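Nothing in this text is a laboratory measurement; each read-out follows from the coordinates by a stated rule. This is a predicted model, so every value here is computed, not measured. Cβ placement follows ideal geometry from the backbone for every residue including glycine, while neighbour counts extend to all protein chains displayed.
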Amino acid sequence: MPNMRESVTAALNSSLDSDEMHERPIDRLGAFSKSKRLGTVLWRLKYDNDPRCYKTAIFLLTKAMRKHGESRELCEKLCQCALDEWLVDKCLHCGGGGQVIFSQRLVNCMECSGTGIRRTSDKDRMKALKMNAEQVQKLGKRLGAIHDLIGEWDRKVNVRTMIELER
Ligand SMILES: [Zn+2]
């Protein structure tokens with residue numbers, strides 16, 4: 001156990017030193033924690049690969065997105081689909097590299113046109129939602145709105161953390 005007097009004085013000295021402009025991990029965590037829960041849960045899930053945040057993310061997304069009179073089950077299903085698409089955002093064909101070997105040559109991936117970004121098709125969604133093409137098409141706008149909300153929170157956490165850290 002480190003000497004508490006030493007630990008405290010070291011901390012006091014570092015914070016009193018005006019030349020000390022280094023950002024410490026604890027500062028970043030403090031800044032990060034100023035964001036709302038949905039945002040921090042999304043970051044922990046995607047960028048920290050913390051699977052424990054998955055259920056909470058679905059819960060908070062459903063709470064934010066559920067329309068009056070809509071079944072919880074359907075809304076949860078849609079939030080899960082959008083969240084999964086956001087989490088696995090690399091092209092499934094080339095793994096995000098943008099290129100594949102074709103006839104012994106390295107060529108741009110035909111699935112993502114070389115961008116490496118996953119394109120979700122109605123076919124993928126039919127599989128994920130266990131629905132037919134017509135149902136999936138009808139829900140396209142809803143899924144888009146959930147994606148918008150996720151993207152908005154992803155950006156908000158970034159902006160808030162930067163402001164808190166005075167960057
Ligand atoms: Zn690709």
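What does the charge add up to near Met126, with Lys and Arg as +1, Asp and Glu as -1, over the other residues with Cβ less than 13 Å from its Cβ? Present the calculation step by step, with values, prior to reporting the outcome.
Values: positive: Lys77, Lys123, Arg125, Lys127, Lys130, Lys138; negative: Asp122, Asp124, Glu134.
After counting each charged neighbour, the total is +3.
Let me check I've understood the local charge: for Gly140, count other residues with C-beta under 10 angstrom from its C-beta, Lys and Arg +1, Asp and Glu -1. What total comes out?
Values: positive: Arg125, Lys138, Lys141, Arg142; negative: Asp122.
Once all neighbours under 10 Å are counted, the net charge is +3.
What is the set of long-range amide H partners of Lys90 at a cut-off below 5 Å, with H atoms built 1.01 Å from backbone N?
Arg118
What share of all Cα pairs of the chain, in percent, falls into each consecutive 10 Å distance bin?
All Cα pairs, binned at 10 Å, distribute as 9, 26, 26, 19, 11, 7, 1 percent.
List the residue ranges in the chain for DSSP H helices whose C-alpha atoms run 15 angstrom or more along the long axis and whose Kyte-Doolittle average is 0.5 or above.
Working: long enough: 4-16 (18 Å, 0.21); 54-65 (16 Å, 0.82); 72-87 (22 Å, -0.14); 140-164 (36 Å, -0.46).
Helices passing the filter in the chain: 54-65.
Enumerate the amide H contacts of Gln99 below 5 Å, restricted to partners 5 or more residues apart or on another chain; note that Pro and chain-start residues carry no placed amide H.
Cys109
What residue among Thr56, Thr115, Thr40 shows peak mean-square fluctuation when the chain is described by a Gaussian network model with Cα springs under 10 Å?
Comparing Thr56, Thr115, Thr40 in a Gaussian network model of the chain, the most mobile one is Thr115.
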